[in-house]
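Have a look at the structure below, then the notes.
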Amino acid sequence: MRRKLVAANWKMNGSSAANAQWLAAWRDVSAPCDVVVCAPFVYLPQVGAGLAGSGAELGAQNLSAQAPGAYTGEVAGEMLSDVGCRWVIVGHSERRALYGETNELVAGKAARAIALGLKPIACVGETLTERDAGRTLEVVAAQMAALLAQCPVEQLAFGALAYEPVWAIGTGRTATPAQAQEVHAAIREQLARADAQAAQRTRILYGGSVKPGNARELFAQPDIDGGLIGGASLVAAEFAAICAAAS
Ligand code: 13P
């Protein structure tokens, strides 16, 4: 039985004051699932300290594919571990679309995270054009194949995968539970072709306009093991309500 996992992706949001408010509200929450909060780099120490004792773990939203050295503006996985991160998102569609991250680079980042003992949340998902062209499963399979080329399944199972249809991110247009389940099942089948046992252990999260009102139905799908939450994670009470739906 896979324990549900709900992760907050704050993206490029927050401030010292807003984070402190969020963390104060979170102190009263007891979530029935595993919880990760992925904060912007500069706030990781603050958020890590604020989450201490709450059971929620700290995550980052990106890492460098390189070891520490002369890479101006980059942040190494070693540094994330050093400030208390246990998790890191790799391959978010915003990084793929806006910062040119390729399937291969994303896989390299996942492999580097794993090598450092950081759990990657590796994101895959199709654009609206790709879905309308009937290419969803093909696109996601190619993204997964690139990950599997650099990370064995049992290593991916150490972290988590996230299916985030690009057209559902921040649009208020959620994939239906059936649409999401179809892709999650295909991802798990692809994992199972390499290692059936590890595939059964791997948590596959859904992301894209998850709200308190639609989370329970999504999380009830057999291959949906939790969520990666953007906008709704910025309000502690909304995020807590989504976590409660993962019981
Ligand atoms: P929203 O929940 O704002 O749609 O964002 C989803 C997402 O991109 C999480 O990584």
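Key figures
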read-out: Hits in segment 157-174 - residues which are touching a strand residue (DSSP E or B) at 6+ places or on another chain (Cβ under 7 Å) and within 15 Å of residue 198 (Cα to Cα); value: 158, 159, 160, 161
read-out: Odd one out for residue 193, checked against (1) of a type in the set (Lys, Arg); (2) over 21 Å from residue 9 (Cβ atoms); (3) within 16 Å of the ligand (Cβ to nearest atom); value: (3)
read-out: Scan of segment 218-247 for residues that are more than 14 Å from the ligand (Cβ to nearest atom) and among the polar types (S, T, N, Q), ordered by number; value: 221, 247
read-out: Of residues in segment 127-179 being among the small types (Gly, Ala, Ser), over 19 Å from residue 202 (Cβ atoms) and surrounded by 15 or more Cβ atoms within 10 Å (Cβ to Cβ), the one farthest from the ligand (Cβ to nearest atom); value: 175
read-out: Any hit, segment 128-145, residues being small (Gly, Ala, Ser) and within 30 Å of residue 68 (Cα to Cα); value: yes
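None of the figures in this text is laboratory data; all of them are computed from the coordinates on show. None of the values given here were measured: they were computed from a predicted structure. All Cβ positions, glycine included, derive from the backbone under ideal geometry; neighbour counts span all protein chains shown.
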